[in-house]
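The values are calculated or read from the model by the stated rules, or taken from the named source; none is laboratory data. Remember, predicted model here, so these are calculated numbers, not experimental data. Heads up, the Cβs are rebuilt from the backbone with ideal geometry, glycines too, and the neighbour counts pull from every protein chain shown.
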């Protein structure tokens, strides 16, 4: 049975967590994520879940406690944002290296300094090579759906990797939308029960976790992680297919909008894609062949899907809500440019860094990008690297 709710993104995440009913949740507050674990703690207090809720003294401790619980065989979760993710840094890598299927909502927020509590993707983009699968959400509905699917992806026997489910801070986390949720029984049947292959609590088959790993085996273990990440792409698609069959809501590695005959296109992640769709509709009404590609899964990176989606375009703007300080575009730009390198026919690509620290992304902002692409198609020169909406 489907249930319609008016929920913020944080409330949608907390509702998904209640339905998942994890064995252990370790929690430490940080804006704008705090509300997720706060709302979930109400479910614990009201007896709606049987989760062991651990209040810890820091984000480092939150991830450490989650690692311990997961290694013991529990379905374990936590949540964070920005500086909290940075404070977890050491153990974020350990969680992936130990192949623990932890699922963590991350509400995207700018990393300090200066101190800023609003949205950009500098936190999770900074962790893009930590070994975690990364799934991004355009709205509250996707945040809810992605979080439930993430459990199945992380715990798949051939994957066993942690997953970050990301959504834009305040824009989605505190914005109210109508979402369609599934009933508790449907969700719990979909995710099943975690059946760990190894557990620290299994005295009959003792294992060592987190040992010293020097020249003899470290390289091989990293290669195994890389293979699991590579294999996760098919698992993500398989889980999405099951989710569609159950709910009618469809997901892929990326989402193409009006791309069938698009000559110019934007590639974006997160909530900005919703604004871009409105701009595309208006441009299409004027006869402009504009399109949009929204990247849902950033790790593993959907290089083949990206190349196929952009194959017929003439000019593409790749939008990053994070500054990489490389003077060569943001993380998404560089990955996409590299994905297109092997193809003889490839569009002109330009980088736009936008929305840092929560700066608004309006229709005028997006229209400016499409206007630049039209100029580029006509043969005019525009800079390869642009900071969109910044005051000079």
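For this structure, a couple of remarks:
- Hits in the range 115-131 (condition: surrounded by fewer than 24 Cβ atoms within 10 Å (Cβ to Cβ) and either closer than 18 Å to residue 92 by Cα or modelled with pLDDT under 95 (or both)): 125, 126, 127, 128, 129, 130, 131
- Given (1) closer than 30 Å to residue 231 by Cβ; (2) not in a helix (DSSP H, G or I), number of the condition residue 63 does not satisfy: (2)
- Checked across the range 26-34, the condition of being surrounded by fewer than 18 Cβ atoms within 10 Å (Cβ to Cβ) and either in contact with a helix residue (DSSP H, G or I) (Cβ under 8 Å, 6 or more places away or on another chain) or outside the structural domain of residue 116 (by TED's automatic domain parsing) (or both) holds for at least one residue.
- Restricting attention to the range 199-220, the residues being in contact (Cβ under 8 Å) with a residue 12 or more places away in the chain and closer than 14 Å to residue 100 by Cα number 4.
- Among strands (runs of 3 or more DSSP E) entirely within the range 107-203, having at least 1 residues that are farther than 28 Å from residue 226 by Cα singles out 176-182.
- Lone unmet requirement of (1) outside any helix (DSSP H, G or I); (2) in contact (Cβ under 8 Å) with a residue 40 or more places away in the chain; (3) within 17 Å of the chain's Cα centre (by Cα) for residue 236: (1)
- Qualifying residue in the range 170-180 (condition: farther than 19 Å from residue 8 by Cβ and in contact (Cβ under 8 Å) with a residue 24 or more places away in the chain): no
- Any hit, the range 11-27, residues being over 23 Å from residue 189 (Cα atoms) and not in a helix (DSSP H, G or I): yes
- Only one of the listed residues (255, 183, 261) is surrounded by fewer than 19 Cβ atoms within 10 Å (Cβ to Cβ) and over 30 Å from residue 389 (Cα atoms). That residue is 183.
- Members of the range 269-310 that are out of contact with any helix residue (DSSP H, G or I) (no Cβ under 9 Å at 6 or more places or on another chain) and without any contact (Cβ under 8 Å) to a residue 40 or more places away in the chain: 277, 281, 284, 285, 286, 287, 308
- Residue 258 meets the conditions (1) within 30 Å of residue 32 (Cα to Cα); (2) not assigned by TED's automatic domain parsing to the domain that holds residue 32 in every case but one. The failed one is (1).
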